[in-house]
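To keep things clear, I will list the structure first and then write my remarks on it.
Bear in mind that the values in this text are calculations on the coordinates, not laboratory data. Values in this document were obtained by computation on a predicted structure and should not be read as measured data. Cβ sites come from the backbone with ideal geometry, for glycine too, and all protein chains shown count toward neighbours.
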Amino acid sequence: MPNVECPREQDLLDALTAGRWPERCEAELRAHVDGCAICTDLVEVVGALFDARDVVYADVAVPASGTVWWRAQIRARREASLRAARPMTVVQAVAACLGLVAVIGLYFLAAPWLSDSFAPLSGLMTFRFDGLTLPGIDAVKQWAWPIAVILGTWLIVTPIAIYLTAGKE
Amino acid sequence: MFRDVTLSDVERLQAQAEDAEVAFEMDEDSFRAFYERTARPLWVYLSRISGDRQVADDLLQEAYYRLLRVRQSWESESHRRAYLFRIATNLVRDRYRRSHFEPVALPEPDSASMASREESVADAMVRRTDLQRAMARLKPRERALLWLAYAQEHPHSEIAVTLGVRTGSVKLLLFRARRRLAQILRSSKIRTAEGRHRAQR
């Protein structure tokens, strides 16, 4: 591993920072720098960076602190607003999904009744229901209870969820 | 027991959230004082490590916003400043990863036209151009290290927090970055001197 540190590095850095390098610093330090690779690099790099810093700082234009504070406040409020609305969006999405399930369930429940009711229009109905290969009446009875439970849960849980969400916020 | 929630209720909730005073960890006066002390160095740092003034403008606001949102008490002013610079470093890194932008290489200085100007102005311009070009050839972390250590004179412990490295590693990383930059600057000086010599002939 190469030697990464020179004992005179800090002295040289102090001289560079204070603007004493090279004219107003000890001849001994100048002589040391001439023979030290680490210090030679330091002079090269720090001199260039100081020069660049002085130029760049003279040309900096940052927004006023009040503007940055005000923008941060506005943005934080907007994000708080979005956070407040997020649970409502979730509840609405869940309600919509459950609603869709309920509609599909109702459709299957009502399918036999629809078949019977529209028997006179058998031509049209046959065309419609044959293609769908509807489950038999026993299968409909088997699914009636789960569908009724889902529908009932949806009708009870959704308003409670909305109430609790709105209450918390 | 239940009350109806209408669309207007949702709008009311949003309006309440918007009107509420947003509580940051820092109050406005503390923020203003901290900003006055750090904004210019931060902007310069951002523009130096990104190589783009526009990027520095964009990321300055973002860096302060993220600092304000942090729920943390600071051990000291130095700790808070190091954290701010760390946020800025990460923002530049993220932007770099997203857009794969590379620092734009500056055009080669025209030796003939430079010779016709006043020598001191020309020399200063060449030096700055050389530095910009040399910095562009360094890795982003090397640029950040050198700028923080020498142009902004941050202590090694603060640089370690800013760049997410161990304090003990800063010295070695700094040594390597410094050596690399010095080599590039020296070779650049030789090229410039050769170009000037040709122009004079």
* Residues of A:55-67, mean number of Cβ from any other protein chain within 10 Å of their own Cβ, rounded to a whole number? -> 6
* Order of A:22-28, B:55-61 by packing, highest average Cβ count within 10 Å first? -> B:55-61, A:22-28
* **Extension gain (nm, one decimal) between A:Val149 and A:Ala64, 0.36 nm per residue minus Cα-Cα** => 24.5 nm
* Summarise the partner chain shielding of B:58-66 as one whole number: the mean count of Cβ atoms from other chains within 10 Å of each residue's Cβ. => 3
* Asked: Equivalent-ellipsoid semi-axes (√(5λ), Cα gyration tensor) for the range A:9-59, whole Å, largest first?
  -> 22, 12, 7
* Counting Lys +1, Arg +1, Asp -1, Glu -1, what net charge surrounds A:Ala64 among other residues with beta carbon under 14 Å of its beta carbon? -> 0
